[in-house]
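Visitor: Input: one structure, supplied below.
The values are calculated or read from the model by the stated rules, or taken from the named source; none is laboratory data. None of these values were measured; they are calculated from a predicted model. Note that each Cβ is placed from the backbone with ideal geometry, even for glycine, and that neighbours are counted across all protein chains shown. With ligands, DNA and RNA removed, areas are computed over all heavy atoms of the protein, side chains included. Shrake-Rupley method; radii C 1.70, N 1.55, O 1.52, S 1.80 Å.
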Amino acid sequence: MKINPLIEVAREFETPSYVYDAEIIQRQYKTLKNAFDGIDVKLHYALKALNNINVLRVLKKEGAGLDAVSIQEIHLGLRAGYLPNQIMFTPNCVDFSEITEAVEIGVHINIDNLAILENFGNIYGSKIPVCIRINPHIMAGGHSNISVGHIDSKFGISIHQVKHIARVAKNYGIVINGLHMHTGSDILDADVFIRGAELLYEAAQEFPDLTFLDFGSGFKVAYKEHDIITPIDKIGKKIADSFRNFCKEYGRDLELWFEPGKFIVSESGKLLVTVTTVKQTTSTVFVGVNSGQNHLIRPMFYNAHHHIENISNPTGVLKLYSVVGYICESDTLGYDRMISEVREGDILAIHNAGAYGFSMSNQYNARLRPAEVLIMNKKAQLIRKRETLEDIYRNEVELKELT
Ligand SMILES: *Cc1c(COP(=O)(O)O)cnc(C)c1O
């Protein structure tokens with residue numbers, strides 16, 4: 001029987017650990033980069049999905065830029081070696097001082113609020129060009145927490161306010177160099193994407209100084225077998241065609257930008273956990289593991305399906321289980337799953353854990369965040385140490401009068 005190499009990784013680095021495969025990250029980057037029918041698209045990786053410095057460097061070598069949503073993410077990008085002009089800053093509801101700092105660093109600025117645009121114009125006038133985040137009010141994305149382009153969303157400036165944006169820009173002399181939309185994750189339908197794009201093309205006619213259009217992200221990957229995924233090739237071809245037409249009408253060739261997160265890193269990552277408990281109850285057989293929603297919150301937060309594989313008993317008979325975590329709170333990682341027979345001590349691999357896994361982890365129940373491991377050139381290497389108890393109380397301040 002062939003032993004899954006991840007068993008070796010689990011033995012060497014222990015569990016729970018996040019393991020990423022650099023080759024898959026590179027493959028996904030290239031797939032998207034080449035999907036647009038000869039158009040040299042610029043991809044800014046949305047580092048909120050997974051921000052380990054080594055992952056950022058793998059993507060930097062591929063030629064990626066970054067999309068940052070906080071000043072801290074900008075600093076992570078700079079630390080990984082990205083140049084300011086390779087970073088797009090797309091904040092929402094941040095203090096203006098964050099925008100000022102980002103301007104001083106020299107990254108691209110994306111503004112998603114008219115009041116901030118006016119403030120920006122007052123301070124910088126025509127000195128610093130900005131991109132505008134438009135809310136096209138199209139419904140995209142599966143779960144309401146990840147659909148951000150609809151009418152009630154807090155993101156972006158309404159497509160219906162385009163004329164107002166143009167007037168503000170004119171009055172303050174602001175140079176609008178880009179238009180942006182990001183309607184949410186899990187777009188399944190090429191037509192939804194195209195509809196958003198067409199709205200942006202129309203809005204673009206109000207802005208003579210554009211150098212790029214940024215279509216955000218939302219590319220879906222398969223979380224389970226037979227999952228419907230974003231048809232990248234179909235979308236790529238359609239967008240490329242419509243973008244070429246747009247450039248002709250606009251009278252100039254613009255750059256086409258995207259900012260994928262999940263598409264780039266989701267499939268590269270697995271969370272390796274150890275089975276602590278196999279517990280038959282009146283309703284099901286629970287498999288308890290040494291991890292939980294503190295490490296991978298997507299199943300509880302988005303009702304996300306993550307395939308779960310028993311890598312230490314791959315040929316065992318398939319049985320029905322509910323895989324649960326150790327957090328004292330509802331903590332299901334996978335409900336009603338057919339998994340090859342699970343025994344205490346088995347290692348389970350939870351798939352599609354590269355995006356929004358480690359980056360959304362926390363210390364609830366005073367649990368330690370897992371280690372991170374990168375497999376590259378056939379070698380597995382530690383890229384983040386497992387936390388220790390000291391990480392939990394490091395910033396706590398003990399009051400004298402209570403000791
Ligand atoms: C989160 C985010 C992304 C990435 O979304 P994915 O679904 O992970 O590809 C892109 N752009 C912005 C502005 C975001 O907030």
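Visitor: Considering every residue within the stretch 205-213, establish whether at least one is outside any loop (DSSP other than H, G, I, E, B) and open to solvent by 10 Å² or more (accessible area, probe 1.4 Å). Reasoning before the result, please.
Guide: Keep residues of the stretch 205-213 that are outside any loop (DSSP other than H, G, I, E, B), which gives 212-213.
Within this subset, residues satisfying the condition of being open to solvent by 10 Å² or more (accessible area, probe 1.4 Å) are none.
No, the conditions are met nowhere in the stretch 205-213.
Residues checked against (1) under 20 Å from Cys247 (Cβ atoms); (2) at pLDDT 95 or above; (3) part of a helix (DSSP H, G or I):
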position: Asn145; (1), (2), (3): no, no, yes
position: Asp152; (1), (2), (3): no, no, no
position: Phe155; (1), (2), (3): no, no, no
position: His164; (1), (2), (3): no, yes, yes
position: Lys170; (1), (2), (3): no, yes, yes
position: Gly178; (1), (2), (3): yes, yes, no
position: Phe193; (1), (2), (3): yes, no, yes
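Visitor: Would you call Thr282 open to solvent by 50 Å² or more (accessible area, probe 1.4 Å), of a type outside the set (D, E, K, R) and out of contact with any strand residue (DSSP E or B) (no Cβ under 9 Å at 6 or more places or on another chain)? So that I can check it myself, show each step before the final result.
Guide: Values: open to solvent by 50 Å² or more (accessible area, probe 1.4 Å): yes; of a type outside the set (D, E, K, R): yes; out of contact with any strand residue (DSSP E or B) (no Cβ under 9 Å at 6 or more places or on another chain): yes.
It is true that Thr282 is open to solvent by 50 Å² or more (accessible area, probe 1.4 Å), of a type outside the set (D, E, K, R) and out of contact with any strand residue (DSSP E or B) (no Cβ under 9 Å at 6 or more places or on another chain).
Visitor: Determine, yes or no, whether Ala197 is free of Cβ contacts under 8 Å to residues at least 60 places away in the same chain, small (Gly, Ala, Ser) and either exposed (fewer than 15 other Cβ atoms within 10 Å of the Cβ) or more than 16 Å from the ligand (Cβ to nearest atom) (or both).
Guide: On the way: free of Cβ contacts under 8 Å to residues at least 60 places away in the same chain: yes; small (Gly, Ala, Ser): yes; either exposed (fewer than 15 other Cβ atoms within 10 Å of the Cβ) or more than 16 Å from the ligand (Cβ to nearest atom) (or both): no.
No; evaluated as a whole, the condition is false for this residue.
Visitor: List the residue pairs whose Cβ atoms are under 6 Å apart, where the first residue sits in the stretch 174-192 and is within 18 Å of Asn135 (Cβ to Cβ), the second is hydroxyl-bearing (Ser, Thr, Tyr) and modelled with pLDDT under 70, and the two are 6 or more positions apart or on different chains.
Guide: So the pair list comes out as Gly184/Ser147; Ile187/Thr230.
Visitor: Do you know which residues across the stretch 229-273 are under 30 Å from Ala10 (Cα atoms) and among the acidic types (Asp, Glu)?
Guide: Hit for the stretch 229-273 is Glu267, nothing else.
Visitor: Being touching a Leu at 6+ places or on another chain (Cβ under 9 Å), closer than 27 Å to Lys163 by Cβ and away from the ligand (no atom under 16 Å from the Cβ) is the filter here; which residues of the stretch 236-252 pass it?
Guide: Residues of the stretch 236-252 touching a Leu at 6+ places or on another chain (Cβ under 9 Å): 236, 239-240, 243, 246-247, 250, 252.
Among the residues that remain, those that are also closer than 27 Å to Lys163 by Cβ are: 239, 243, 246-247, 250, 252.
Listed by number, the residues that qualify are Phe243, Phe246, Cys247, Tyr250, Arg252.
Visitor: Scan the stretch 347-402 residue by residue and report those that are in contact (Cβ under 8 Å) with a residue 12 or more places away in the chain, surrounded by fewer than 15 Cβ atoms within 10 Å (Cβ to Cβ) and among the aliphatic types (A, V, I, L, M).
Guide: The answer is Ala366, Leu382, Leu389, Ile392.
Visitor: How many of the residues in the stretch 260-279 are under 30 Å from Phe215 (Cα atoms), open to solvent by less than 10 Å² (accessible area, probe 1.4 Å) and among the hydrophobic types (A, V, I, L, M, F, W, C)?
Guide: 2
Visitor: Is at least one residue of the stretch 211-218 away from the ligand (no atom under 16 Å from the Cβ) and in contact with a Lys or Arg (Cβ under 9 Å, 6 or more places away or on another chain)? If you could, list the steps in order and put the result at the bottom.
Guide: So the first thing to find is which residues in the stretch 211-218 are away from the ligand (no atom under 16 Å from the Cβ), and the list is 211.
Narrowing further to those that are in contact with a Lys or Arg (Cβ under 9 Å, 6 or more places away or on another chain): 211.
Among the residues of the stretch 211-218, at least one is away from the ligand (no atom under 16 Å from the Cβ) and in contact with a Lys or Arg (Cβ under 9 Å, 6 or more places away or on another chain), which makes the answer yes.
Visitor: If Asp233 satisfies all but one of (1) touching a residue at least 60 places away in the same chain (Cβ under 8 Å); (2) within 16 Å of the ligand (Cβ to nearest atom), what's the number of the condition it fails?
Guide: It fails just one condition, (2).
Visitor: On to the next question. Scanning for something buried (at least 19 other Cβ atoms within 10 Å of the Cβ) and under 16 Å from Gly261 (Cβ atoms), does the stretch 4-19 turn up at least one residue?
Guide: Residues of the stretch 4-19 that are buried (at least 19 other Cβ atoms within 10 Å of the Cβ), as a first pass: 6, 9-10, 13, 15-19.
With the extra rule that they be under 16 Å from Gly261 (Cβ atoms), the set shrinks to 18.
Yes, the stretch 4-19 contains at least one residue that is buried (at least 19 other Cβ atoms within 10 Å of the Cβ) and under 16 Å from Gly261 (Cβ atoms).
Visitor: Mind checking whether some residue in the stretch 117-126 is within 16 Å of the ligand (Cβ to nearest atom) and surrounded by fewer than 23 Cβ atoms within 10 Å (Cβ to Cβ)? Steps first, answer last, please.
Guide: Initially, the stretch 117-126 is screened for residues within 16 Å of the ligand (Cβ to nearest atom), giving none.
Within the stretch 117-126 (the criterion being within 16 Å of the ligand (Cβ to nearest atom) and surrounded by fewer than 23 Cβ atoms within 10 Å (Cβ to Cβ)), the answer is no, since none of the residues qualifies.
Visitor: To continue, here is another question. Go through Asp253, Asp241 for me and flag whichever is more than 28 Å from Val69 (Cβ to Cβ) and outside any loop (DSSP other than H, G, I, E, B). Can you show your working first?
Guide: Details: Asp253 fails: outside any loop (DSSP other than H, G, I, E, B).
After applying the criteria, what remains is Asp241.
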